[in-house]
Amino acid sequence: QVQLVESGGGLVQAGGSLRLSCAASGRTWDIRVMGWYRQAPGKQRDLVATITSGGGTNYADSVKGRFTISRDNAKNTVSLQMNSLKPEDTAVYYCNVLQRSLHYWGQGTQVTVSS
C-alpha cells in the first residue's frame, strides 16, 4: 500500500498562483509515475500533469505553460506549481502514483479560482 497526503489547495483570485504538494509513504519503492488529476463538479476526473521517475513530464493542453510539475525521488514527493490560474481551473485536485502496476490516489484538495 502507498499512502498519499496532499496539501496546498485553497482559494485564489484569477491570475494568482498556488502550489500543491503530495507526499507518498508506505510501499514507495518502484514508484514509476507521479501525477495530478482534477475533477470539477459534474465532470470526469482528468489528467493535469504527470512525471516519471526519470523526470519525463506530460501536461494537459489546458495547463501547458502555466503549470509545472516536479518530483523529489529521494523524498517521494511530487509538487504542482500553478501560475496564471483561471476560474476554469477550479476543481478538486488528486495526487496519483503508479507503483509497479498499481495506482494509488490521495484524498483530494480543493482549488477554487475566483474571477
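The values are calculated or read from the model by the stated rules, or taken from the named source; none is laboratory data. Small disclaimer: the values here were computed from a predicted structure and weren't measured. All Cβ positions, even for glycine, are placed from backbone atoms using ideal geometry, and neighbour counts span all protein chains on display. Keep in mind that these areas ignore ligands, DNA and RNA; they rest on the heavy atoms of the full protein, side chains included. Shrake-Rupley method; radii C 1.70, N 1.55, O 1.52, S 1.80 Å.
Quick notes
- Filtered residues of segment 6-56 (kept if modelled with pLDDT of 95 or more, of a type outside the set (Gly, Ala, Ser) and assigned to a loop (DSSP other than H, G, I, E, B)): LYS43, GLN44
- Scanning segment 17-36 for residues that are under 13 Å from the mean Cα position of the chain (by Cα), in contact (Cβ under 8 Å) with a residue 60 or more places away in the chain and open to solvent by less than 60 Å² (accessible area, probe 1.4 Å) turns up LEU18, LEU20, CYS22, ALA24, VAL33, MET34, GLY35, TRP36.
- Scanning segment 1-26 for residues that are under 15 Å from ASP89 (Cα atoms) and of a type in the set (A, V, I, L, M, F, W, C) gives LEU11, VAL12, ALA14, LEU18, LEU20.
- Per-region count, segment 78-91, residues surrounded by fewer than 18 Cβ atoms within 10 Å (Cβ to Cβ) and in contact (Cβ under 8 Å) with a residue 60 or more places away in the chain: 5
- A Cβ distance below 6 Å, combined with a sequence gap of six or more or placement on separate chains, defines the contacts here; from segment 94-110, residues that are farther than 14 Å from THR28 by Cβ reach residues that are outside any strand (DSSP E or B) and open to solvent by 30 Å² or more (accessible area, probe 1.4 Å) in the pairs THR109/GLY9; GLN110/GLY9.
- In the condition set (1) touching a helix residue (DSSP H, G or I) at 6+ places or on another chain (Cβ under 8 Å); (2) without any contact (Cβ under 8 Å) to a residue 12 or more places away in the chain; (3) small (Gly, Ala, Ser), SER62 is compliant with all but (2).
- Those residues of segment 57-77 which are within 22 Å of SER25 (Cβ to Cβ), open to solvent by less than 70 Å² (accessible area, probe 1.4 Å) and either in a loop (DSSP other than H, G, I, E, B) or among the polar types (S, T, N, Q) (or both), in sequence order: SER70, ASN76, THR77
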